[in-house]
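Some notes on the structure that comes next.
A short reminder: the numbers here are calculations on the coordinates, not readings from a lab. Model, not experiment: these values are computed from the prediction. Cβ placement follows ideal geometry from the backbone for every residue including glycine, while neighbour counts extend to all protein chains displayed.
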Amino acid sequence: GAKVGGVTVAPGQAVRLSGGSATITQGCGGAAVRTVPAQWVDPITPGPNRPANELLTFCGGGGKYRGSLGLNADGVANKLHVDDYVKGVIPKESVPGWADTGGFEALKAQAVAARSYVLAGLASGRKMNNTQQSQVYHGASGEDPRTNRAADATAGQVRLRGGKPALSEFSASTGGYTAGGDFPAVV
């Protein structure tokens with residue numbers, strides 16, 4: 001189930017967004033049930049950390065996403081709580097298996113860095129996307145229980161600089177030095 005334009009979408013129905021309107025259909029590709037003005041499909045129950053059975057799922061590929069899905073000038077957008085966003089980033093920017101080999105603290109650090117980075121970027125007007133240009137993000141489909149634990153353990157925590165979230169850039173290949181950016185590069 002979901003909500004679109006103030007209308008409840010029943011389980012088993014789907015929504016197709018196009019040009020400021022949403023068409024509710026009987027399943028993926030089924031007959032139209034109703035069309036309403038809308039740009040976002042919202043979960044029935046908003047808020048972070050929703051259970052898997054309440055996530056929005058794309059027809060076809062089956063990609064699952066927390067929060068709301070909609071269209072903007074750049075294409076499909078996912079509007080969600082920052083702590084849920086981080087869950088879709090950490091396993092793509094770090095190695096979830098580190099949690100199994102004593103590296104859980106590194107995953108927690110990645111959670112704080114990812115949260116800080118996106119908040120600083122948005123505050124400065126940067127357009128964030130799901131690639132290496134911002135942070136690799138694959139929604140709930142890309143999550144891992146080990147990295148979700150790291151996100152939950154650091155919920156709400158950010159790195160500050162001057163009282164604002166720091167643009168905490170991350171790089172896995174900087175030759176033994178941190179990437180620099182907002183903070184000086186160090187060995």
Amide H contacts under 5 Å for W40, placed H, 5+ residues apart: G5
What ³J(HN,Hα) values, in whole Hz, does the Karplus curve 6.51 cos²θ - 1.76 cosθ + 1.60 give for segment 111-124 when θ = phi - 60°, with x put for Gly and Pro? 4, 5, 5, 5, 5, 4, 4, 5, 5, 5, x, 5, 5, 8
Cα-based Lys proximity count in the chain, under 18 Å, for pairs eight or more positions apart or on separate chains: 9
Give the separation of the Cα centroids, segment 22-96 to segment 128-171, in Å. 18 Å
For the chain: Kirkwood Rh in Å [reciprocal of mean 1/r, alpha carbons]: 17.8 Å
15 Å cut-off, amide nitrogen to a point 7 angstrom out along Q132 Cα→Cβ, residues in segment 80-96: 92-94
Treating only the Cβ of Lys, Arg, Asp and Glu as charged (+1, +1, -1, -1), what charge dipole size does the chain show about its Cα centre? Round to the nearest 20 debye. 360 debye
Nearest-0.05 FRET efficiency for H81 and T23 at R0 = 30 Å, using Cβ-Cβ distance, is 0.65
Net charge over other residues, Cβ less than 14 angstrom from the Cβ of W98 (K, R count +1; D, E count -1): 0
Rounded to the nearest 500, what is the chain's calculated 222 nm mean residue ellipticity when only DSSP H runs of at least 4 contribute -39500 (n - 2.57) each, over all residues? -7000 deg cm²/dmol
